[in-house]
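Quick notes on the structure that follows.
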Amino acid sequence: MKNEVVVIYFKLVSYTTVSALNSNRNLNNRLNVNGNNHGNNRNGCAFGIALVSKTNEMKTYTNLYSKLTSKKNLYSAWRKARKGKTNKDYVKNFEENLIDNISLLKTELLLHSYRPKPLKNFIVRDPKTRKISKSDFRDRIVHHALVNVIEPIFEKVFIYDSYANRKGKGNLVALERLDYFKRKVSRNGKTKGWFDNNQVKGYCLKADIKHYFEEVNHKILLRVIKKKIKCNKTIWLVKQILNNNITKGNSKGMPLGNLTSQFFANVYLNELDYFVKHRLRAKYYVRYVDDFVILHPFRTQLIGWKEEINDFLKNELKIELHFDKSRIIPLSKPISFVGFRVFYYYKLLKRFNQKNIQRRLGKYCVLFSENKINYDKIYDSLQGSFAYMERANTHRLKKKLLKQVEDNFKGEISSVEVNKYLKYLNF
């Protein structure tokens, strides 16, 4: 892909050089060039401005397959796939003949005889009903091997404000970015409102893509990937992974739960990111998977952008905005984003997330009383929940949960707390 770039540069040149550009002289025998040639120019030089057309090649990558199928990469992928699942039977079974299994996987990939095993599907309600697909363990190793090689390539072209499934990003960083943008747009709430001086001014387009993972078009996704990846063997592997989820005559959709689906979701919507940032020139834009927000001082601008975005999605990516979930909200009202209700001066957890944390703690209490779970696992889970709640104004909820923990796990201490204490004492 070639991009034509026009470069404007300023250069200090002599009169003889400038005369080649423009030899006209004025009454004082000074040169008339495409720059200021005022009376204080007595040093025998002038500033010339020139336009130069330069062709800029977008970097592409070939011959990736040898790196992808190397034993070093496959063992790295295996370590990532087993993380947090070392006690699972399917992991233990694979690792009984680890060297042979990795070698067999490498051979299948090199001979193009690799075929993913059928997905195992189950239903989750959280609160929306979702179909989650689980890949076989050996297929997950292949997914990690693929992402290990091509993710760094695409990471270079992703925009800064895309926050899902990226190192150093995540939903909490996206939340902070939204908080920063809303204060920029409203000038820290100091802008006088329509009715009084304390009213917060500014608007947010909160948008969601309808049935995103079910509607991703494979042909378009492959076309986007091929802009950077010119290795035919790697493209063959991508097709094998994508085709494992399609029904006859329906070449679209990606399974929820796969590592590759999360990565391809970012690649696909990177086209939207570029449209919003470079075509619409929207300054305050944050995207997390298929949810995104755009902030602007004026509602009319967001109305126009919403229509342009929906047209782009329909025409270029064959997806569309969710009609009910895509709306323009004043910054003085709460914005629902990444599991939080974001008010202008504070944040709250969504009600479902609050109930989910309370329900999980209740479940742990029952399992612990029946000796079916140890306190270390409960502690690890609660640490994550409390860290999540720290980003919101949830003092009363935390106080309630801590009392429940003290009542049900009185006198218990985790190995993590013991290790911290020993480290503090320099043991």
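Within region 230-311, what is the number of lysine pairs with alpha carbons under 30 Å apart, leaving out pairs fewer than eight places apart on the same chain? Taking region 230-311 as the scope, the lysine pair count is 13. Compared with the rule-of-thumb size 2.2 N^0.38 Å for a compact globular protein, region 279-427 has a Cα radius of gyration ratio of 1.49. When you filter the chymotrypsin sites (Phe, Trp or Tyr not before Pro) in region 266-320 for DSSP loop state and at most 12 other Cβ atoms inside 10 Å of their Cβ, you are left with Phe298. Using only side-chain charges placed at the Cβ, +1 for Lys and Arg and -1 for Asp and Glu, the dipole size of region 93-189 relative to its Cα centre rounds to 740 debye.
Heavy atoms of the protein chains alone define the surface here; on that basis region 58-213 has 57 Å² accessible area per residue at 1.4 Å probe size.
Between the C-alpha center of region 64-80 and that of region 293-312 there is a gap of 43 Å. Expressed per residue, the C-alpha convex hull volume of region 227-323 stands at 127 Å³.
Once fully extended, how much extra length lies between Lys277 and Leu397, figured as 0.36 nm per residue of separation less the alpha-carbon to alpha-carbon distance? If you can, show how the numbers build up before the last one.
Working: separation 120, 0.36 × 120 = 43.20 nm, distance 3.88 nm.
Residue separation times 0.36 nm, minus the Cα-Cα distance, leaves 39.3 nm.
Measuring nothing but protein heavy atoms, the accessible surface of region 211-320 at 1.4 Å probe radius is 46 percent carbon and sulfur. Listed by chain and number, the lysines whose alpha-carbon sits under 24 Å from that of Lys372, ignoring those within fewer than 8 places in the same chain, are Lys83, Lys85, Lys88, Lys92, Lys355, Lys363, Lys403, Lys410.
If R0 is 25 Å, the Cβ-Cβ spacing of Leu172 and Arg351 corresponds to a FRET efficiency of close to 0.85.
Selection among Val142, Leu111, Ile123 by position relative to the dipole of region 103-148 gives Ile123 as farthest towards the positive end (Cβ unit charges, Cα centre).
Given charges of +1 on the Cβ of Lys and Arg and -1 on the Cβ of Asp and Glu, with all other atoms neutral, how large is the dipole of region 269-427 about its Cα centre, in debye to the nearest 20? Don't jump to the answer; show the numbers that get you there.
Values: 31 positive and 18 negative charges, 129 e Å.
Dipole of region 269-427, to the nearest 20 debye: 620 debye.
Note on region 357-413: Rg/Rh from C-alpha atoms, Kirkwood Rh, equals 0.96.
The values are calculated or read from the model by the stated rules, or taken from the named source; none is laboratory data. Treat the numbers as computed from the prediction; the structure is a model and nothing was measured. Methodologically, a virtual Cβ is constructed for each residue, glycine included, from the backbone with ideal geometry; neighbour enumeration extends over all protein chains shown. The protein model used for the area step is the full one, side chains on, heavy atoms only, and it has no ligands, DNA or RNA in it. Shrake-Rupley method; radii C 1.70, N 1.55, O 1.52, S 1.80 Å.
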